[in-house]
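Comments concern the structure below.
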Amino acid sequence: MSLASHVESWRPGPVTDKDPLPPGPAAALSALLDLPGPAAAVGEPLPPLWQWLYFLHWPPQRALGPDGHLRDARFLPPIPGRRRMFAGGRCEIHEPLRLGEPAARVSSLAAVTPKQGRSGELLFVTERQEFRQRGRLRLVEEQDIVYRSGDGPPPSRPAGVDGTAVPEPEGPWRARLRPEETLLFRFSALTANAHRIHYDTPYCRDVEGYPGPVVHGPLLALLLLELVRVHAPERPVRSLAYRLHRPAFAGEHLLADGTPVDGDGDGARLRLATHREARHATAEVTFTRGNPSSPPS
């Protein structure tokens with residue numbers, strides 16, 4: 001039975017969540033990234049994609065499957081032996097979210113697309129999220145999640161982790177990181193992510209076939225956006241799109257680098273590399289003019 005046949009009648013309705021956007025999670029991620037202080041204070045713009053620290057759900061332990069993910073949830077497709085991978089997304093920022101202001105998020109199913117991959121049939125699920133503060137639409141985000149059945153053959157994995165090789169830079173904006181298991185554990189806690197591939201080494205090797213704990217796809221995207229926050233702090237991001245191509249692993253040397261778009265500086269191209277792959281993740285951002293530091297009326 002094809003994966004598409006399992007979701008022919010699957011049409012979950014939208015759901016609304018609310019969050020006061022307290023400063024604690026943003027301060028915690030700032031500490032995890034070794035920033036000199038919180039990236040945002042109450043009333044200031046939340047950096048792009050940092051909304052991932054909010055609107056979190058903590059289900060009962062009995063609701064988790066053997067891989068640490070929820071067995072069932074509104075936007076999890078009903079396919080057998082479900083395996084999940086975060087593939088990428090897009091975000092349009094009309095106005096940045098402001099820390100410390102109550103916000104509402106409406107989540108809905110945008111698309112379900114079956115595809116044939118090298119390891120078998122895949123199902124791409126796109127979830128759309130609209131964020132509002134003070135009754136105004138602030139940003140729209142779409143996330144692409146790819147699923148495969150546990151019955152299919154696993155994709156190929158690298159045999160081991162080389163913690164000595166260092167990737168070569170390409171762009172003028174650069175940041176390096178060698179994530180260890182403690183960093184991945186802390187990021188899992190910050191994002192309510194219990195997926196065992198990020199902290200359980202025996203599970204990674206024996207069940208999933210990875211050489212070690214996998215660096216979170218969202219963390220790779222956030223590392224890319226840090227290049228913009230550090231090197232172009234005066235340019236608010238209007239839109240961004242990112243793709244996650246290959247997994248990276250704890251202990252590897254990561255290089256995030258970026259290049260401003262030629263011309264009037266309207267955007268930048270970003271990539272995340274290891275010695276194995278030149279592009280584990282890629283992103284493009286566009287900037288908008290204006291002063292993001294003054295709260296809207």
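Residue 161 meets the conditions (1) under 20 Å from the mean Cα position of the chain (by Cα); (2) surrounded by 15 or more Cβ atoms within 10 Å (Cβ to Cβ) in every case but one. The failed one is (1). The residues of region 173-194 that are assigned to a loop (DSSP other than H, G, I, E, B) and over 19 Å from residue 28 (Cβ atoms) amount to a single one, 178. Given the options 235, 246, 271, name the one that is surrounded by fewer than 18 Cβ atoms within 10 Å (Cβ to Cβ) and either at pLDDT 95 or above or part of a loop (DSSP other than H, G, I, E, B) (or both). From the options 235, 246, 271, the qualifying one is 246. Quick one: in region 8-38, of everything that is among the hydrophobic types (A, V, I, L, M, F, W, C) and surrounded by fewer than 20 Cβ atoms within 10 Å (Cβ to Cβ), which residue is farthest from residue 192 (Cα to Cα)? For region 8-38, the residue satisfying everything is 10.
Here is a check on your reading of the model: is residue 230 closer than 29 Å to residue 66 by Cβ and in a helix (DSSP H, G or I)?
Details: closer than 29 Å to residue 66 by Cβ: no; in a helix (DSSP H, G or I): yes.
It is false that residue 230 is closer than 29 Å to residue 66 by Cβ and in a helix (DSSP H, G or I).
The values are calculated or read from the model by the stated rules, or taken from the named source; none is laboratory data. Quick caveat: nothing in here was measured; it's all calculated off a predicted structure. Cβ: placed from backbone, ideal geometry, glycine included. Neighbour counts: every protein chain shown.
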